[in-house]
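The values are calculated or read from the model by the stated rules, or taken from the named source; none is laboratory data. The structure presented is a predicted model; accordingly, all values stated were derived computationally and were not measured. FYI the Cβ positions are ideal-geometry reconstructions off the backbone, even for glycines, and counts take in every protein chain you see. Accessible surface areas use protein heavy atoms only, side chains included; no ligands, DNA or RNA. Shrake-Rupley method; radii C 1.70, N 1.55, O 1.52, S 1.80 Å.
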Amino acid sequence: MTDTTCPSCGAVAAAGAKFCESCGKPLGGDAPATPVVPAAVDELSPISAPTHRKIADSDVPSGPRPCLSCGGAVGPDGYCETCGAKAPTERDHFRETPAAWVAGVCDRGIVHSRNEDAMALLASEGRAVLVVLDGVSNSIDSDVASLAGAKAARDVLTTPFPHGMGTPASRTGAITKVLTDAANAANDAVVAATDPASTNPASATFAVAVLEGNLLAHANIGDSRVYWLPDGGTPVQLTVDDSAAQQQIEAGVPRAVAETSKEAHAITKWLGRDAPDIEPRTGQVELTGPGWVVACSDGLWNYASEPGAIAAQVAAAGTAVPLDLALALVAFANAQGGRDNITAAVARVEQNASEPATAGGA
């Protein structure tokens, strides 16, 4: 028997092989009788490039993973035991659904060799936390650091906000302190994940959204964002970027021009050992109607920066299921080229008749 060539990717496969070792596609013979249509994410192979510092085993899901092509089980070797497709690693593509009304998807995209984005979510009745960190690609081990930082910030935000001394100003101050504590915890985790000898230490942006009933609190460092997209209302970007593009916008340069300039994604604040300032921008808003909260990295908003553009993609997804929406937003970014890692975390806010908006109930 002679070697064969994979019809999908052109790689040379050993004689008698059932699946291509390069792309995982069937080579014929015992291939499934029903052709498998790969999910878009399956085109993100090869598996992530190695990192210098290993991600802790507790930081990635355990147990069998579903194949994103056919739904079968992914074996220990990283290939689907049913269709043979090569699966992205847990770090390349992962999803969280802590409640029926909260979900997120973190994806490597198409161009980058590994996923340096990270997210950490939690939810209970009437309360949700969405944390997104975007590891800076030109720093070492930012994929490890961003995941550690996201989890550390989420852990600070596990309990409801304090009420302060009972006045609105005191309440605002108490919430701001908790959000600042979360940013500090994230920074500490990023620094702890950095090799002390590194001359290019890990760094990341930071964005968090916390829903408590009709209160939406947010914080950010860098250019990851939080949007509020009310049903039938005016969508708004709640966070303000720490970036060269934002500086241009504040100087009067049109947004579309600033965000496509050569230095558009140069951030002016970040988390990490060499961070000049880790005090987050914070804010709060009282929600008065139903809608969607979206926390995302620039891998998504690169292609839909204006609040109206993000709202249009949410509408185009045509779903009230948070996980389906997050998947649709990631698929949209990949369809536009997937030039960066992509994270989309969403929470559905509902409203009972004549009542203030309440989190949950999608």
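The residues neighbouring Q237, those whose beta-carbon lies less than 15 Å from its own, together hold a net charge of -4 under the Lys/Arg +1, Asp/Glu -1 convention. Summary value for region 91-361: 25 percent relative contact order, contacts being C-alpha pairs under 8 angstrom separated by 6+ residues. Note on surface exposure: H265, H218, H163 rank H163, H265, H218 by accessible area, highest first, 1.4 Å probe.
Taking 0.36 nm per residue of separation and subtracting the Cα-Cα distance, full extension of the segment from T199 to D155 would add 12.9 nm. Approximating the spin labels as points 7 Å out from Cα along Cα→Cβ, the H163-to-A316 distance works out to 4.5 nm. Taking all protein chains into account, the per residue accessible area for region 102-253 stands at 33 Å² (1.4 Å probe). Neighbours of R171 by Cβ distance under 13 Å: Lys/Arg scored +1, Asp/Glu scored -1, total -1.
Let me make sure I get this right: for region 91-361, a, b and c are the square roots of the gyration tensor eigenvalues over alpha carbons, sorted descending. Under 1.5 in a/c it's rounded, otherwise prolate if a/b > b/c, else oblate. Which is it? Don't skip to the answer; put the middle values down first.
Details: a/c = 1.43, a/b = 1.19, b/c = 1.20.
Note, shape of region 91-361 comes out rounded.
Remark: the A100-S170 segment gains 21.9 nm on full extension, using 0.36 nm per residue and subtracting the alpha carbon distance.
Counting only protein heavy atoms and a 1.4 Å probe, tell me what percentage of region 199-328's accessible area is made up of carbon and sulfur. Write down the numbers at each step before the final one.
Details: 2600 of 4900 Å².
Accessible surface attributable to carbon and sulfur in region 199-328 totals 53 percent.
Could you report region 255-362's accessible area per residue, 1.4 Å probe, as an integer in Å²?
42 Å²
Here region 305-323 is scanned for amide nitrogen atoms under 18 Å from the site 7 Å beyond the Cα of S261 along Cα-to-Cβ, giving 305-306. Heavy-atom accessible surface of Y79, to the nearest 10 Å², is about 40 Å², with a 1.4 Å probe and all protein chains retained.
Shape verdict for region 271-352, please, from the Cα gyration tensor: rounded (a/c under 1.5), prolate (a/b greater than b/c) or oblate. Since a/c reaches 1.5 but b/c is at least a/b, the shape of region 271-352 is classed as oblate. Put R281, R225, R114 in order of accessible area, highest first, and with a 1.4 Å probe you get R281, R114, R225. Pull out a ≥ b ≥ c, the square roots of the eigenvalues of the alpha-carbon gyration tensor of region 123-265, then state rounded if a/c is under 1.5, prolate if not and a/b is larger than b/c, and oblate in the remaining case. The shape class here is oblate. Nonpolar atom fraction for region 88-190, defined as the carbon and sulfur part of the 1.4 Å probe accessible area, stands at 58 percent.
The GluC sites (Glu not before Pro) of region 207-306 that meet both conditions, a loop assignment by DSSP and at most 15 other Cβ atoms within 10 Å of the site Cβ, are E263. Heavy-atom accessible area with a 1.4 Å probe sorts K151, K262, largest first, into K262, K151.
What does the highest-first list of 170-182, 186-198 look like by mean Cβ count within 10 Å?
Values: 170-182: 17.4, 186-198: 19.6.
Top of the packing list down: 186-198, 170-182.
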